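Below is one structure; the comments refer to it alone.
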């Protein structure tokens with residue numbers, strides 16, 4: 001009789017430990033996603049300043065400016081990691097076209113405001129990449145716990161589920177916008 005009680009007690013302890021690990025990972029993934037979101041919002045706030053600065057020199061490039069503005073709006077509206085991944089990939093592509101336009105204007109490349117904005121974007125791109133890596137690492141750990149035995153039994157019993165990674169879809173989208181010019 002004592003062995004049965006001891007076995008039940010041990011099983012209960014294991015369930016509690018596994019449950020607490022899953023809670024910690026779920027909370028860490030939500031916090032990491034919040035960090036990604038904050039960095040993306042900072043990027044979204046910087047883009048109109050970049051567009052306006054380039055507009056001052058390249059007024060006839062309206063199509064490119066409209067594309068950046070539209071891509072930014074789509075990225076701001078996306079809410080899930082999958083939707084954000086797709087929207088941010090599109091935004092990165094349009095930013096590349098904006099910097100390609102800027103390369104054609106030597107006076108713009110020398111503009112201090114543009115150079116400052118360019119530097120800020122470079123720092124933000126690195127911060128986004130770091131936040132995305134951390135988020136994906138936490139999601140990997142959570143997803144592993146949700147699939148591995150015996151923690152999968154606890155995860156299924158208490159409604160824990162796998163989360164989506166924040167990934168870019170194509171090789172082109174994985175390349176950050178070029179924000180440095182040669183003089």
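The values are calculated or read from the model by the stated rules, or taken from the named source; none is laboratory data. Keep in mind that this is a model prediction, so the values were computed, not measured. All Cβ positions, even for glycine, are placed from backbone atoms using ideal geometry, and neighbour counts span all protein chains on display.
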TODO: All but one of (1) modelled with pLDDT of 95 or more; (2) more than 21 Å from residue 86 (Cβ to Cβ); (3) surrounded by 15 or more Cβ atoms within 10 Å (Cβ to Cβ) hold for residue 29, so report the exception by its number.
DONE: (2)
TODO: Sort out which residues of segment 65-80 are surrounded by fewer than 19 Cβ atoms within 10 Å (Cβ to Cβ) and assigned to a helix (DSSP H, G or I), and write them in order of number.
DONE: 66, 67, 69, 70, 73, 74, 76, 77
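Would you confirm whether or not segment 92-115 contains a residue that is under 29 Å from residue 30 (Cα atoms) and free of Cβ contacts under 8 Å to residues at least 40 places away in the same chain? Can you show your working first?
From segment 92-115, those under 29 Å from residue 30 (Cα atoms) are 92-95; that's our starting set.
Narrowing further to those that are free of Cβ contacts under 8 Å to residues at least 40 places away in the same chain: 94.
There is at least one residue in segment 92-115 that is under 29 Å from residue 30 (Cα atoms) and free of Cβ contacts under 8 Å to residues at least 40 places away in the same chain.
Residues are listed down the side, and each one gets a yes or a no for (1) crowded, with 16+ Cβ neighbours inside 10 Å; (2) under 12 Å from the mean Cα position of the chain (by Cα); (3) within 29 Å of residue 63 (Cβ to Cβ); (4) modelled with pLDDT of 90 or more:
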position	(1), (2), (3), (4)
98	yes, no, yes, no
107	no, no, yes, no
127	yes, yes, no, yes
135	yes, yes, no, yes
144	no, no, no, yes
148	no, no, no, yes
158	no, no, no, yes
172	no, no, yes, no
TODO: Check 131, 58, 71 and return the single one that is touching a helix residue (DSSP H, G or I) at 6+ places or on another chain (Cβ under 6 Å) and under 14 Å from residue 166 (Cα atoms).
DONE: 131
